[in-house]
Amino acid sequence: MAKDRVAELKAAILAAEANGWQYIGNHTVRRMAEHVTPQFAVDNGWAPGATYTSLEFLSFVLHGPSRVPTCIYGTCKVPWLMRHDQKISWKRTLELLAEPVSSSDVHN
């Protein structure tokens with residue numbers, strides 16, 4: 001019998017709340033961290049505030065309960081660089097959801 005991938009994803013997302021992930025709608029979760037803005041970014045007008053937010057997104061295209069969802073991982077480490085999106089594997093998706101925010105390359 002095939003695994004119910006949609007149920008597996010829902011359970012992983014619920015567990016991932018402990019790692020800073022929040023469901024924001026449209027099959028997407030996000031986590032953020034706040035950082036002190038470096039002086040060079042303020043001097044160049046790239047970030048106007050004393051702090052900025054780094055962002056991670058996971059978006060899913062569901063193909064039915066027995067198929068693995070398509071997973072898109074988006075990151076924006078700093079507001080003066082563009083967001084980067086890439087398709088990732090189901091295994092990597094589950095790893096990211098289980099990873100503590102303190103271990104994330106995006107937020108450190």
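Only the coordinates and a few stated rules stand behind these numbers; no lab work does. Because the structure is predicted, anything quoted here is derived from the model rather than measured.
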**Convex hull (Cα only) mean projected area of the chain, reported in nm² to one decimal** = 7.2 nm²
**Complete:** Under a Gaussian network model of the chain whose springs join Cα atoms within less than 10 Å, the largest fluctuation of Leu58, Leu96, Leu14 belongs to Leu14
**Asked** What 222 nm value per residue comes from the helices of the chain, counting each DSSP H run with n ≥ 4 as -39,500 (n - 2.57) and dividing by all residues, nearest 500 deg cm²/dmol?
**Response** -6500 deg cm²/dmol
**Complete:** Among Thr37, Thr75, Thr28, the residue with the largest mean-square fluctuation in a Gaussian network model of the chain built from Cα contacts under 10 Å is Thr37
**Asked** By DSSP, what percent of the beta bridges with both residues in the range 5-99 are antiparallel, rounded to the nearest 5?
**Response** 100 percent
**Fill in**
Listed by chain and number, the residues whose amide H is under 5 Å from that of Ala47, excluding neighbours fewer than 5 places away on the same chain and using placed H, are Val42
